[in-house]
Amino acid sequence: MAVRRSSSFLPYCFPLPLLLVILVAVPGSPQRTKLTTRVHGPAGSGDHWWKHAVFYEIYPRSFQDSNGDGIGDLNGITSRLDYLKDLGVDAIWITPIYPSPQVDFGYDISDYTAIDPQFGTMADFDHLVREAKKRKIRVIMDFVPNHTSDQHPWFLASRSSQDNQKRDWYIWRDGRVPTEPPNNWLSWFGHSAWTFDSTTRQYYYHYFYPQQPDLNWRNPEVREAMFAVLRFWLRRGVAGFRLDAVSRLFEDPELRDDPMLPGTNAYGDPNIQHKYTDNLPEVHALLRDFRKVVSEFPGDPVLISEADEPNIAELTKLYGAHNDEIQLPMDFQVADANRLSAPLFRTLFEEVEHNAASGQPYIFFSNHDQPRQWDRYGDGIHNDAMARLMAALLLTMQATPQMYYGEEIGMRTTPPARKEDVRDPIGKLGWPAEKGRDGERTPMQWDTSANAGFTSGVPWLPVPESAKQYNVAVEQSDPESFLNFYKRLIALRRSRLALRIGNYAALNPNDENVFSYLRRTSDDRHAIIVALNMSPEAQFVSFDLSALGFFAGALKTLLASPSGGAEVQPPGQVSLPPYGVFIAEIIPHVQ
Ligand code: NOJ
């Protein structure tokens, strides 16, 4: 049984050397576990690549501009592939690069099988995929099935007359009375989800902006047209898709009103429960069909779903009853925990790592829709230590990890200071309660030159002041930088079998402050423990690994934050500074 007691005598200031004394040995156990310290042979061979890959989200407008127009582009991404390779990334998910009026910065698509000229050409895209492949980096496209742009030729045809052949490709209804929408459904982006179209005198439905009309997935022609889109990109060599907003794909055919909830939202609308527009059972049959389509192609293509499911039961359903839907459903429970709490993370990881479908979890902390983790989890005092701790959590779990560009250099969220500077429409609509998503989409910070090396022109969003301190060039030359911490973590995940393919088990289940876990291979030859102090006070932790079937002499430190401390620890206790990280390999003998 593990024991922890908090320390009142350790110094609290940084940098605090990590004092490591480990109690792990129970000699004489009849079933001694043989442990080795090196990885032998290819890791995870015969297994799915996406279980072991590190994914990296790129917001292309903001990553690297190659032609001086202030907007990132495909050739810019290609020029940074060596950086990504060096970081240890295995797959890049690129948010939408298709032709689009850019009302929702690409999530309003007007042609699913072309490239928006501001991002480059199809030849640039093919070049990117080829160059990525040379570096063993896979490319994941963003597939937006719920809605098109209102400028898509399908919608232009659909809205042209009530008897147009494409009328039923979207969701058109008469008003409840001519001047009122068909029901009370609200857009996620504010106000009614119905917009009146004066040409044909009906309302069309849009879960998001009015410029993003929802496709009617009950129409077989829509299904075939969209399946063809998946095939088009798979033929061009992509390794899979991130599926946008999948829980919104179907709506109640009877158009029942959603239940009202107390209060109002940032847009001044009454709160409602999206009961009749979210997570309808029909979604699952469609996800199975998506899976069948991608499975027609070699290379084990992957589907990653974006759906902020309310609990583990709903999240688990996305794997499918026979693991025939989504391989990697994004886990918003973990992403949005929004506070460092050992009991909370223990519960969340217990649920997802041992989910009923035995599906592979997919975790992340930042993306293009929410403030960066630095700002959501930071307490203003220990932010740096907390961000390192979260990096360790992300990259030492069994779950597949996804990073967001700039996370590895500690980029901050920098929202606009004035309403007139806002680019994201939800910020314009919801200001000041909702400032929009510009803050987490600022240009990647490459170096200390003008515009942080992102563009030679005027960047589409201003480069934050903090870029002078947090950028790739500066951090590359500082061994203690964020960037080098991420690199070491990814290298460990890649090189250590216990982290790469090992099982997950929580340790010290009653510890209120330190989240500890064991990763070990099923043959018990490789084992690593991770201890994360999620409290602002120094803590001691000890581990009774004999109870887990191990006979071991010591722990060998692989990585710690703050760095320091002995490399190999004799039996005793682990001392963790506030928000400290300790990652160690169990070894049979102290040298
Ligand atoms: C989710 C995307 O991540 C977000 O950026 C977008 O605005 C909505 N879906 C609508 O497509």
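Would you mind finding the one in ALA552, ALA527, ALA560 that is surrounded by 19 or more Cβ atoms within 10 Å (Cβ to Cβ) and modelled with pLDDT of 95 or more?
Values: ALA552 fails: modelled with pLDDT of 95 or more; ALA527 fails: modelled with pLDDT of 95 or more.
Step by step, each of ALA552, ALA527, ALA560 is checked, and only ALA560 is surrounded by 19 or more Cβ atoms within 10 Å (Cβ to Cβ) and modelled with pLDDT of 95 or more.
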Task: Filter result (open to solvent by 10 Å² or more (accessible area, probe 1.4 Å) and not basic (Lys, Arg)) within the range 205-226 - done: PHE208, TYR209, PRO210, GLN211, ASN216, ASN219, PRO220, GLU221, GLU224, ALA225
- [ ] Output yes when any residue across the range 566-581 is buried (at least 19 other Cβ atoms within 10 Å of the Cβ), in contact with an Asp or Glu (Cβ under 7 Å, 6 or more places away or on another chain), in a loop (DSSP other than H, G, I, E, B) and of a type outside the set (D, E, K, R), and no when none is.
- [x] yes
Open item on the list: What pairs come out if I take residues in the range 232-261 that are closer than 27 Å to PHE105 by Cβ and pair them with residues that are polar (S, T, N, Q) and in a loop (DSSP other than H, G, I, E, B) whose C-beta lies under 7 Å away, six or more apart or interchain?
Closed with: PHE232/THR113; ASP244/ASN146; ALA245/ASN146; SER247/ASN279; ARG248/ASN146; ARG248/THR277; LEU249/ASN146; GLU251/THR277
Task: Residues of the range 428-451 satisfying the condition of being within 14 Å of the ligand (Cβ to nearest atom), at pLDDT 95 or above and in a helix (DSSP H, G or I) - done: ASP438, GLY439, GLU440
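I need the full set of residues from the range 274-291 which are assigned to a loop (DSSP other than H, G, I, E, B) and aliphatic (A, V, I, L, M), in order please.
Step one: list which residues in the range 274-291 are assigned to a loop (DSSP other than H, G, I, E, B), which gives 274-281.
Of everything in the range 274-291, just one residue is assigned to a loop (DSSP other than H, G, I, E, B) and aliphatic (A, V, I, L, M), namely LEU280.
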TODO: Scan the range 371-382 residue by residue and report those that are open to solvent by 20 Å² or more (accessible area, probe 1.4 Å), over 27 Å from VAL541 (Cβ atoms) and in a loop (DSSP other than H, G, I, E, B).
DONE: PRO371
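Before we move on, is VAL463 away from the ligand (no atom under 16 Å from the Cβ), open to solvent by 10 Å² or more (accessible area, probe 1.4 Å) and in contact with a Gly (Cβ under 7 Å, 6 or more places away or on another chain)?
For VAL463, the condition - away from the ligand (no atom under 16 Å from the Cβ), open to solvent by 10 Å² or more (accessible area, probe 1.4 Å) and in contact with a Gly (Cβ under 7 Å, 6 or more places away or on another chain) - is not met.
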Task: Top-ranked residue in the range 416-427 [being part of a loop (DSSP other than H, G, I, E, B) and within 12 Å of VAL103 (Cα to Cα); ranked as most open to solvent (accessible area, probe 1.4 Å)] - done: ARG423
Task: First in the range 183-211 and touching a residue at least 60 places away in the same chain (Cβ under 8 Å) and of a type in the set (S, T, N, Q), second anywhere and open to solvent by 20 Å² or more (accessible area, probe 1.4 Å) and away from the ligand (no atom under 15 Å from the Cβ), Cβ under 6 Å, 6 or more apart - done: ASN183/LEU255; ASN183/ASP257; ASN184/ASP257
Open item on the list: Of the conditions (1) in a loop (DSSP other than H, G, I, E, B); (2) open to solvent by 20 Å² or more (accessible area, probe 1.4 Å); (3) within 15 Å of the ligand (Cβ to nearest atom), ARG412 satisfies every one except a single condition; which number is it?
Closed with: (3)
TODO: Identify the single condition in (1) of a type outside the set (Asp, Glu); (2) open to solvent by less than 20 Å² (accessible area, probe 1.4 Å); (3) more than 16 Å from the ligand (Cβ to nearest atom) that THR113 does not satisfy, given that it satisfies every other one.
DONE: (2)
Open item on the list: Exactly one of these conditions fails for ASN271: (1) outside any strand (DSSP E or B); (2) more than 16 Å from the ligand (Cβ to nearest atom); (3) in contact with a Ser or Thr (Cβ under 7 Å, 6 or more places away or on another chain); (4) not charged (D, E, K, R). Give me its number.
Closed with: (1)
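Does VAL177 qualify as being among the aliphatic types (A, V, I, L, M) and farther than 24 Å from GLU306 by Cα?
Values: among the aliphatic types (A, V, I, L, M): yes; farther than 24 Å from GLU306 by Cα: yes.
Yes: the conditions hold for VAL177.
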- [ ] Go through (1) more than 16 Å from the ligand (Cβ to nearest atom); (2) under 27 Å from the mean Cα position of the chain (by Cα); (3) open to solvent by 40 Å² or more (accessible area, probe 1.4 Å) one by one and return the number of the condition ALA266 breaks.
- [x] (1)
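The values are calculated or read from the model by the stated rules, or taken from the named source; none is laboratory data. Since the structure is predicted, the reported quantities are computational estimates derived from the model, not experimental observations. With ideal geometry, Cβ positions are generated from the backbone for all residues, glycine too; neighbour counts draw on all protein chains shown. For the accessible areas, the whole protein counts, side chains as well, though only heavy atoms, and no ligand, DNA or RNA atoms are used. Shrake-Rupley method; radii C 1.70, N 1.55, O 1.52, S 1.80 Å.
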